[in-house]
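The values are calculated or read from the model by the stated rules, or taken from the named source; none is laboratory data. Everything numeric here is computed off the predicted structure, so don't read it as measured data. Don't worry about glycine lacking a Cβ; one is built from the backbone with ideal geometry, like all the others, and counts go over all protein chains shown. Only protein heavy atoms, including side chains, enter the accessible area calculation; ligands, DNA and RNA are left aside. Shrake-Rupley method; radii C 1.70, N 1.55, O 1.52, S 1.80 Å.
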Amino acid sequence: MNTARDKDAALRSFEAAWRARPADRIAATRTDAMQRFLALGLPGARDESWRYTNLRALAGRPFVDAEPAPSARASWLAGFCGSAVEIVNGRPSPAAIESVGDPALSIESLRAAIDRDPASLAARLESIGAAESERWALLNRALFVDGLRVRIAGRATAPLLIVHSAESARDDAAVHSRVIVEVDAGAEATIIEHHLGGSGHATLVNHATQLHLAPGASVDHYRVFSSDDRTTHFDALEVVQAADSRCRQFTVAIGGALVRANLSGRLDAPGAEHDSHALLVGRAARQVDCVNAIVHAASRTTSRQTARALAAGSSRVVFNSRVLVEAGTAGASSNQSCRGLLLSPTAEIDTRPQLEILADDVKCAHGATTGRLDPNMLFYLLSRGIDRAAAQTLLIYAFLDDLLTGMSLPGARRAIEDALIGELPGADLLRSTR
Amino acid sequence: MLKISQLRANVAGRSILKGVDLEVRAGEVHAIMGPNGSGKSTLAQVLAGREDYEVTGGSVTFDGADLLAMPAEERARAGLFLGFQYPVEIPGVNNAYLLKAALNAKRKRAGLAEVDAYEFLSLIKAKMKFMGMDESFLGRGVNEGFSGGEKKRNEILQMLVLEPRLALLDETDSGLDIDALKVVAKGVNSLRSAERSIVLVTHYQRLLDYVEPDHVHVFADGRILKSGDKTLALALEARGYDWLREGRVA
Ligand SMILES: Nc1ncnc2c1ncn2[C@@H]1O[C@H](COP(=O)(O)OP(=O)(O)O)[C@@H](O)[C@H]1O
Ligand SMILES: [Mg+2]
């Protein structure tokens, strides 16, 4: 019966999982994280950054750790990448780690990193999860089973693909995993994280990624969510940037039941540049909730955020972006552009660009618009004999065009377009036309 | 080919077309002239199948078929072409792609295979040259950032590629300099044939110096007020529309 359900079942099950874990060499930081998480509880309707995503149903479900599982899936992003490492239910494959041959990259599992160098790792882990909106990252610090630590020391020859697959035959499995990427001064790399799987079960994936860029480092980072429609993702991405570093970030949500994607960026020193792009596709009953927070903590820092949200069926897409320019900085520049396209009367898009400027000398711009397909454009295409479904799909594509063409990797762009086509109405008609 | 009887239509709840009668036979060129706001574009858009314009009475047949019962895309495939007074900019939809998709839609209805890519390119390049358009337009978004004159040329280019049975050209001549006007007229004249018909909606006599109409109609307040041959256009030019309105009252 409903009334008999424990509304804190999830919280209790996370606590139980934590107690059952054997202690490792970072037990102190894990304990600290768990205690803070338990004190805060799961985010509720009263939490500002969770206004749009209600976790009440999830909070009432107990979860168990997903068991280790064999490698299962091929990523459709593999074609143009160099090395690929698969992480199944949070555990990377040792053979895949071994096989990474790029001399600019050194990779180890987080388990190995914990054993080798617990103090420095613990310090790294703590930089994310401080904010209230990052409670899942806090839980992640307490519970992550494994993951990767990647160090980039030079110029990587090809993109590194990290495939996260969630594989479970039950409806209450939870996966907690983390990836830490440290980019040395002047080093360059492209990292692609692909989240897929789900096996048709209601899996919870709580993942965190940290990118730390030394002076002059340059990183392109992609995270693509294409899981099945029963998977729930909580994904926290942290980017910390030193002087003159450059990060181009692409978040693509085209799968999952719920994708909550946080991006927290810190521009810590002059000349740092952050450029983020979000392509958020809602359909059926999917909920996509993207929360960006960029902090300009130094002078002459630049951030750009571009989001395109598409909502069909009874889906809901949220794009919430906040830019903070700290006091004492000069010459910061920030731009936020968010556009939403509603494809059904029951879909919903909520966008909230926010600016908090505590300095005098800044250049900031933001814009957010949401609408439906333009009837004049549609009529023009129809009047040329174009099929109605194809015309609609063309216009949807046109809406996404600048975001797609802004992707730094042509291979990634093509693969993502192909996957997108499968998600859109009138897809087949479009396939032949590109 | 086209027979319009007592056509009435509302736009945003307001009666705009108030009983239009017009017959266009194969091979004919008709010119419709009239003051701003009299409903000429509304007529053109209703004929092309714009859904938010509500037909409240009358009938239209196209080659014997009930035109008003067909959706817009079907009318286009059946051979009706509307050159827009204000061609729509569609950033992100490629101009060449639109042309190709439009041509293939028409071919499909006629039971023909899709046009060969190479054949299409040489066809379109020849037509562009004929229209004095740079090939770089192909790679751009539909009408995106085109000047007024470029947009009008692009409409004529589409018409030449699609070879419609009936072309409705809504003020394709307005905003053009004399050279552009000549190019547009050349395009229109090249399409003239015994099987095709052309309806020119225009404001000025100017275009009619280059494309000679068989019939001229004066459109005012949602209906055709007077019809005649090309001398009517000359009389209008000399005496203005008020002359007709007065004549009606008298
Ligand atoms: N989309 C629209 N919504 C409301 N009124 C319109 C719309 N389009 C045209 N009209 C009105 O319909 C009337 C006829 O316009 P139109 O057909 O464009 O005239 P013309 O082409 O002869 O200049 C005008 O009064 C115009 O304001
Ligand atoms: Mg008009």
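A few comments on the model shown:
- Of all residues in the stretch A:55-80 being in a loop (DSSP other than H, G, I, E, B) and under 19 Å from the mean Cα position of the chain (by Cα), the one that is surrounded by the fewest Cβ atoms within 10 Å (Cβ to Cβ): A:Trp76
- The listed residue being in contact with a helix residue (DSSP H, G or I) (Cβ under 8 Å, 6 or more places away or on another chain), open to solvent by 20 Å² or more (accessible area, probe 1.4 Å) and modelled with pLDDT of 95 or more, out of B:Pro87, B:Pro91, B:Pro71: B:Pro71
- Verdict on B:Gly13 being open to solvent by 60 Å² or more (accessible area, probe 1.4 Å), within 16 Å of ligand 2 (Cβ to nearest atom) and out of contact with any helix residue (DSSP H, G or I) (no Cβ under 8 Å at 6 or more places or on another chain): no
A quick yes/no check of all residues on (1) over 19 Å from A:Val145 (Cβ atoms); (2) touching a strand residue (DSSP E or B) at 6+ places or on another chain (Cβ under 8 Å); (3) at pLDDT 95 or above:
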| position | (1), (2), (3) |
| --- | --- |
| A:Ala16 | no, no, yes |
| A:Asp32 | no, no, no |
| A:Arg36 | yes, no, no |
| A:Ala39 | yes, no, no |
| A:Ser49 | yes, yes, no |
| A:Thr53 | yes, yes, no |
| A:Ala57 | yes, no, no |
| A:Pro70 | no, yes, no |
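- Total residues in the stretch B:39-63 satisfying the condition of being of a type in the set (D, E, K, R) and exposed (fewer than 14 other Cβ atoms within 10 Å of the Cβ): the figure is 2.
- Within the stretch A:148-205, strands (runs of 3 or more DSSP E) holding 3 or more residues that are in contact with a helix residue (DSSP H, G or I) (Cβ under 6 Å, 6 or more places away or on another chain) and under 18 Å from A:Gly79 (Cα atoms): none
- Single residue of the stretch B:114-126 satisfying the filter (of a type in the set (A, V, I, L, M) and within 13 Å of chain A (Cβ to nearest Cβ)) that is nearest to B:Gly141 (Cα to Cα): B:Ala117
- Residues of the stretch A:1-47 that turn out to be touching a helix residue (DSSP H, G or I) at 6+ places or on another chain (Cβ under 8 Å) and touching a residue at least 24 places away in the same chain (Cβ under 8 Å), as a count: 27
- Whichever residue in the stretch B:1-28 is out of contact with any Leu (no Cβ under 9 Å at 6 or more places or on another chain) and near ligand 1 (Cβ under 10 Å from one of its atoms) and, among such residues, is nearest to the other protein chains (Cβ to nearest Cβ): B:Ala12
- Enumeration of residues in the stretch B:132-144 that are touching a residue at least 12 places away in the same chain (Cβ under 8 Å), away from chain A (no Cβ under 14 Å) and not in a helix (DSSP H, G or I): B:Gly132, B:Met133
- Where A:Ser127 falls short, out of the listed (1) under 27 Å from A:Asp184 (Cβ atoms); (2) open to solvent by 20 Å² or more (accessible area, probe 1.4 Å); (3) part of a helix (DSSP H, G or I): (3)
- In a residue-by-residue description of the stretch A:272-283, the property of being modelled with pLDDT under 95, more than 19 Å from A:Gly328 (Cβ to Cβ) and open to solvent by 10 Å² or more (accessible area, probe 1.4 Å) applies to at least one position.
- Test: residue in the stretch A:386-407 that is more than 13 Å from chain B (Cβ to nearest Cβ) and crowded, with 17+ Cβ neighbours inside 10 Å: yes
- Members of the stretch B:59-105 found to be more than 8 Å from every other protein chain (Cβ to nearest Cβ), assigned to a strand (DSSP E or B) and within 16 Å of ligand 1 (Cβ to nearest atom), listed by number: B:Gly83
- Restricting attention to the stretch B:161-175, the residues that are on the phi > 0 side of the Ramachandran plot and more than 13 Å from ligand 1 (Cβ to nearest atom) add up to 2.
- Any hit, the stretch B:29-38, residues being small (Gly, Ala, Ser), open to solvent by less than 50 Å² (accessible area, probe 1.4 Å) and within 11 Å of ligand 1 (Cβ to nearest atom): yes
- A single member of A:Thr369, A:Thr351, A:Thr346 is among the polar types (S, T, N, Q), open to solvent by less than 50 Å² (accessible area, probe 1.4 Å) and free of Cβ contacts under 8 Å to residues at least 60 places away in the same chain, and it is A:Thr351.
- B:Leu43 meets all of the listed conditions (1) within 14 Å of ligand 2 (Cβ to nearest atom); (2) within 14 Å of another protein chain (Cβ to nearest Cβ) but one, namely (2).
- Residue satisfying condition, being over 16 Å from the mean Cα position of the chain (by Cα), under 27 Å from A:Ser177 (Cβ atoms) and surrounded by fewer than 24 Cβ atoms within 10 Å (Cβ to Cβ), within set A:Arg300, A:Arg230: A:Arg230
- Qualifying position, being at pLDDT 95 or above, more than 24 Å from A:Gly255 (Cα to Cα) and touching a Ser or Thr at 6+ places or on another chain (Cβ under 7 Å), among A:Ala359, A:Ala332: A:Ala332
- Exclusive hit being open to solvent by less than 10 Å² (accessible area, probe 1.4 Å) and within 18 Å of A:Leu263 (Cβ to Cβ), set A:His212, A:His164, A:His207: A:His207
- Among (1) within 13 Å of another protein chain (Cβ to nearest Cβ); (2) within 16 Å of ligand 2 (Cβ to nearest atom); (3) not in a helix (DSSP H, G or I) - the single one B:Glu51 does not satisfy: (2)
- Condition met for A:Pro375 (of a type outside the set (D, E, K, R), open to solvent by 20 Å² or more (accessible area, probe 1.4 Å) and within 14 Å of another protein chain (Cβ to nearest Cβ)): yes
- Close pairs (7 angstrom Cβ cut-off, 6 or more residues apart or separate chains): free of Cβ contacts under 8 Å to residues at least 60 places away in the same chain in the stretch B:160-175, within 11 Å of ligand 2 (Cβ to nearest atom) anywhere: B:Asp173/B:Thr202
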